[in-house]
1. Right, Gly37: at positive phi, out of contact with any strand residue (DSSP E or B) (no Cβ under 6 Å at 6 or more places or on another chain) and in the same structural domain as Gly173 (by TED's automatic domain parsing) or not?
2. Only residues that are within 13 Å of the ligand (Cβ to nearest atom) and either over 13 Å from the mean Cα position of the chain (by Cα) or without any contact (Cβ under 8 Å) to a residue 12 or more places away in the chain (or both): list them for segment 139-189, please.
3. Tell me yes or no: at least one residue of segment 153-164 is in the same structural domain as Thr32 (by TED's automatic domain parsing), surrounded by fewer than 19 Cβ atoms within 10 Å (Cβ to Cβ) and modelled with pLDDT under 95.
4. Which members of segment 1-23 meet the condition of being surrounded by fewer than 21 Cβ atoms within 10 Å (Cβ to Cβ) and within 15 Å of the ligand (Cβ to nearest atom)?
5. Applying the selection to segment 226-245, what residues are within 16 Å of the ligand (Cβ to nearest atom) and of a type in the set (A, V, I, L, M)?
6. How many of the residues in segment 271-325 are farther than 23 Å from Cys175 by Cα, without any contact (Cβ under 8 Å) to a residue 12 or more places away in the chain and not small (Gly, Ala, Ser)?
7. Based on this model, can you work out whether Gly217 counts as more than 13 Å from the chain's Cα centre (by Cα), more than 14 Å from the ligand (Cβ to nearest atom), of a type outside the set (A, V, I, L, M) and assigned by TED's automatic domain parsing to the domain that holds Leu25?
8. Collect the residues in segment 85-102 that are more than 19 Å from the chain's Cα centre (by Cα), small (Gly, Ala, Ser) and surrounded by fewer than 21 Cβ atoms within 10 Å (Cβ to Cβ), keeping them in residue-number order.
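The values are calculated or read from the model by the stated rules, or taken from the named source; none is laboratory data. What you see is a predicted model, and the numbers here were worked out from it, not measured in a lab. Here the Cβ is made from the backbone with ideal geometry for all residues, glycine too, and neighbour counts use every protein chain on show. For accessibility, only protein heavy atoms count, side chains too; no ligands or nucleic acids. Shrake-Rupley method; radii C 1.70, N 1.55, O 1.52, S 1.80 Å.
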Amino acid sequence: MSIVSEPIRIELPTQFEMGTVNAYLFKSPVPTLIDCGEKTEDCWSALVAGLENNGLKITDLKRVIITHAHVDHMGMAARVAKESGAKVWVSEMVKPWAIDLAGMQAIRWDTITGLLTEITNQKDSPLHQGFAKFFNNYKEYWEVIPPESVTTFQVGDSLTLGDGKWEIMYAPGHCVNQTCFYNHDTKELIAADMLLRIASTPVIDADLKDPSKRAGGLEVMIKTMKKYMALELSTVYPGHYDPIQNGNELLQHQLDRINARIDQTHDLIKGGPIGFFEVLQSMYKGRVSGPAIPMMIGYLDVLQTNKMIVSSQTPDGIVYSINAN
Ligand SMILES: [Zn+2]
């Protein structure tokens, strides 16, 4: 038995605003890492140091399990696999991202540009350029994995990690291919980015079944949060920041906050037809950061699905108004 309780958190630096991403180490039954950071030298050094603190070398690693296909969680997986000989374990949903990264990035980019074109009524705009810069920037931190290093797991199966069995559970919303791992005996949850101290964001991506469509985003995220709220949660190990002890409460709090923001959006639209950027500025008061846009799109999606608002296209882009029917 190890003295340090597992999973052991190893914080790795990222390029993103939130600063770091968590990798989680289980030393038994075989040395296993859950998520592994971006492909940078800083991240590599932090991982090597983190393993060393726990008496391990990179070459001791046997498995790298990936929670979801985002650069900060799997960008460095190819290097870890290459230098350790470890297999990279991914869900069937993440597998295309592991072995055909460029292809999947192109599909995601098509979905993003399609949405931005719908919002702006332009094929290219400052918004397109902003997203392109962000999107292309992180490509250098993410490397494709040779198929022979990849092993797949199925949702519903369990993984033996430490001395526990962890159920592999689907957790879409933050992204379409996210999985969490739940220990029914200890009620611990390895949550990836399903639950973070600061509310997670529904990243714009293609639908899993029909990539020509945009995935559900916030609406799906809300359903997932409710599903996990119904579980008994002890310690939650999130993809970023410290472990969470009040997971059920935090989920409720974040859902309440999302609902309040949806109501606020509805109230703004009640004031008369309003364009996307106008509603965005009113909601975020000059604090429009990366996550603001997908959240805003999510609030509008929920209102449209509930038939409370309608959208129409104008030469200057999309405009929202109250559904009079
Ligand atoms: Zn993340």
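1. Values: at positive phi: yes; out of contact with any strand residue (DSSP E or B) (no Cβ under 6 Å at 6 or more places or on another chain): no; in the same structural domain as Gly173 (by TED's automatic domain parsing): yes.
For Gly37, the condition - at positive phi, out of contact with any strand residue (DSSP E or B) (no Cβ under 6 Å at 6 or more places or on another chain) and in the same structural domain as Gly173 (by TED's automatic domain parsing) - is not met.
2. Selection gives Tyr141, Trp142.
3. Yes: one or more hits.
4. Within segment 1-23, Arg9, Glu11, Pro13, Gln15, Phe16, Glu17, Met18, Gly19, Thr20 qualify.
5. Here is the first cut: in segment 226-245, the residues within 16 Å of the ligand (Cβ to nearest atom) are 236-244.
Of everything in segment 226-245, those that are within 16 Å of the ligand (Cβ to nearest atom) and of a type in the set (A, V, I, L, M) turn out to be Val236, Ile244.
6. Qualifying residue count for the region: 4.
7. On the way: more than 13 Å from the chain's Cα centre (by Cα): no; more than 14 Å from the ligand (Cβ to nearest atom): yes; of a type outside the set (A, V, I, L, M): yes; assigned by TED's automatic domain parsing to the domain that holds Leu25: yes.
Spelling it out, it is not the case that Gly217 is more than 13 Å from the chain's Cα centre (by Cα), more than 14 Å from the ligand (Cβ to nearest atom), of a type outside the set (A, V, I, L, M) and assigned by TED's automatic domain parsing to the domain that holds Leu25.
8. The answer is Gly85, and nothing else.
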